[in-house]
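Structure first, commentary second.
None of the figures in this text is laboratory data; all of them are computed from the coordinates on show. Since we're looking at a predicted model, the values are computed, not measured. Backbone-built Cβ (ideal geometry, glycine too); neighbour counts: all protein chains shown.
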Amino acid sequence: MKVEPGYISLFKTGELKNRVECLDKLLTNCAVCPHHCGVDRFRGERGFCGGGYLPVVASYGPHFGEERVLVGEHGSGTIFFSHCTLKCVFCQNCEISQYGEGEEVTPQDLAEIMLILQRKGCHNINLVSPTHFVPAIVEAVLIAAREGLMIPLVYNTSGYERVETLRLLEGIVDIYMPDIKFGDDEIGKKYAKAPGYFEITKKAVLEMERQVGGLKLDEKGIAFRGVLIRHLILPDNLAKTDKVLEFIASELSKDVAVNLMDQYWPAHKAYSFSELSRRITGEEYHYWLSFGKKLKLNLIK
């Protein structure tokens, strides 16, 4: 049975348009993310993330490297946004996240990209690093819904989110896919310039689960709603993986899916930190995989 994305009902009632207006108000004294820079992005001022009002898109297309529950047969319709609310020293996409490579697009352009991905048969619209461009993204969803967009929205985020902004996304986002990068606030500040990272992200993830619950799959094994958490394992437990997994096990439902990722490699400025200058070992990965299984987490790939 095909499940209608949540934003369709909001579009039909006019609430989706109201959300666009509410989100736009966050930009005049920017409070979209936890940095709360206070700049006026409508006037071209730029804060910590480096983004203006219009989204910057680095690339888009069907993506087959995501989790199987998103990829299916035809791929996840991925849109990579430039700039970021974090400054991870080991970022593997630093050309777009830190240096802003990409092209500015209007909400109308972005809506057309979403419709192109739907026409290609993609199972979802996968918004990668969307946080700082949320107002324009939701405006694009409004336009695309008017033109027939009917596939789930995936909010693929660093996890560093304001609960107040997330509440304005309730009923719009179908699948939340947050990273929980660090299980310690000081580590988040050191490696990502994200004050209070773990405490802020825990509250954000709890809000995401409140909205959409654990991960739900259709009869073909494709996700259509819920929360899927990613965690990148760092060498020598620098990410405090134990704290991250214990939080998930104790505070979230058993249906929330977790992907423990082993693809860390020293990118961007990682070699400036001796502790980050190597890949993780197979032994490290399997240790944390076993740790997650002992906690009875819903582990997926």
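Miscellaneous remarks
- Mean separation of Cα pairs under 8 Å and 6 or more residues apart, divided by the residue count, gives region 186-235 a relative contact order of 21 percent.
- Most to least packed among 150-158, 42-50 [average Cβ atoms within 10 Å]: 150-158, 42-50
- 20 °C / 1.002 mPa s Stokes-Einstein diffusion coefficient of region 1-75, Kirkwood radius on C-alpha pairs, µm²/s: 138
- Across the chain, Cα-Cα distances exceeding 35 Å account for 13% of all pairs.
- Summarising the amide proton neighbourhood of MET261: residues at separation of 5 or more, or on other chains, whose placed amide H is nearer than 5 Å comprise HIS231, LEU232, ILE233.
- Considering only the chain, percent of DSSP beta bridges that pair antiparallel, nearest 5: 30
- Sequence-separation-based contact order of the chain, relative, with Cα cut under 8 Å and 6+ spacing, percent: 17
- Label zone at ASP24 (point 7 Å along Cα-to-Cβ), backbone N below 13 Å, region 75-116: 107-108
- Measuring between their Cα centroids, region 65-125 and region 187-238 lie 18 Å from each other.
- Under 5 Å from the amide H of PHE81 lie the amide H atoms of ALA58, VAL128, each residue being 5 or more positions distant or on a separate chain, with H modelled from the backbone and absent for Pro and chain starts.
- Sparse packing (at most 13 other Cβ atoms within 10 Å of the Cβ) combined with a DSSP loop state is found for the following GluC sites (Glu not before Pro) in region 98-185: GLU147.
- Binned Cα-Cα distance frequencies in region 10-126 - 10 Å width, integer %: 13, 32, 39, 15, 1
- Our summary gives region 242-301 a relative contact order of 52 percent, counting only alpha carbon pairs under 8 angstrom and 6 or more residues apart.
- Percent of beta bridges antiparallel (DSSP, region 152-257, rounded to nearest 5): 20
- In this rough spin-label picture, where each label sits 7 Å from Cα along the Cβ direction, the LYS190-GLU170 distance is 3.7 nm.
- Options THR241, TYR53, ILE96, ranked by Cα towards positive dipole end of the chain, top entry (Cβ charges): THR241
- Size of electric dipole in region 6-299: Cβ of Lys, Arg +1 and of Asp, Glu -1, about Cα centre, debye, nearest 20: 280
- The residue among VAL227, MET177, LEU297 whose Cα reaches farthest toward the positive pole of the charge dipole of the chain, with charges on the beta-carbon of Lys, Arg, Asp and Glu, is LEU297.
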